[in-house]
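Chemist: Can you read through this structure? Questions will come right after.
The values are calculated or read from the model by the stated rules, or taken from the named source; none is laboratory data. Note that the structure is predicted; figures quoted are calculated from it, not measured. Here the Cβ positions follow ideal geometry from the backbone for every residue, glycine too, while neighbour counts run over all protein chains shown.
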Amino acid sequence: MGRQARYDAQGALQHVISRGLNREAIFRDPEDYEDLLSRLKFLSRETGMKIHAWSFLPNHFHLLTETGTTPLATFMRRALTGYSLHFNEKYNRVGYLFQGRYKSRRSSPEFSVHCHRTISSSLV
């Protein structure tokens, strides 16, 4: 049986989470945080994806997004693949960086306020 399709439509609010494989660190120094953030900013301008909040912790991250003209799946694939390739090259490693697919949950405008507070309170 295949995976259930993700809900995605222009303007959809989503809480996105991605964790490191085996809960290992996906950020090892401040430059790593900056690298992923700059990739997300670049892709958001290119795709129309709005990022309302983000939180980067050593072994995972949270995003509160609003889908633009490009599907969330395409946005995340480009961001995570690019970051993984850079991370693996930088630290002379091979293999997967992230544990499975990213998680995403639809968020209502009301719940997104709570989600924004939760994400913001977990900043490191």
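Chemist: Suppose we filter region 79-94 for residues that are in a helix (DSSP H, G or I) and more than 23 Å from residue 49 (Cα to Cα); how many remain?
Modeler: From region 79-94, those in a helix (DSSP H, G or I) are 79-90; that's our starting set.
Among the residues that remain, those that are also more than 23 Å from residue 49 (Cα to Cα) are: 87-90.
Residues that pass the stated criteria total 4.
Chemist: Starting from residues that are at pLDDT 95 or above and basic (Lys, Arg), keep the ones in region 68-118 and report whichever is surrounded by the fewest Cβ atoms within 10 Å (Cβ to Cβ).
Modeler: 93
Chemist: Of all the residues that make up region 40-67, how many are assigned to a loop (DSSP other than H, G, I, E, B) and either of a type in the set (Lys, Arg) or buried (at least 18 other Cβ atoms within 10 Å of the Cβ) (or both)?
Modeler: Here the count works out to 2.
Chemist: Let me ask something else about it. With the condition kept exactly as written, say whether any residue in region 3-19 is in contact with a Cys (Cβ under 6 Å, 6 or more places away or on another chain), in contact (Cβ under 8 Å) with a residue 60 or more places away in the chain and either farther than 17 Å from residue 103 by Cα or assigned to a strand (DSSP E or B) (or both).
Modeler: So far as region 3-19 goes, yes, one or more of its residues are in contact with a Cys (Cβ under 6 Å, 6 or more places away or on another chain), in contact (Cβ under 8 Å) with a residue 60 or more places away in the chain and either farther than 17 Å from residue 103 by Cα or assigned to a strand (DSSP E or B) (or both).
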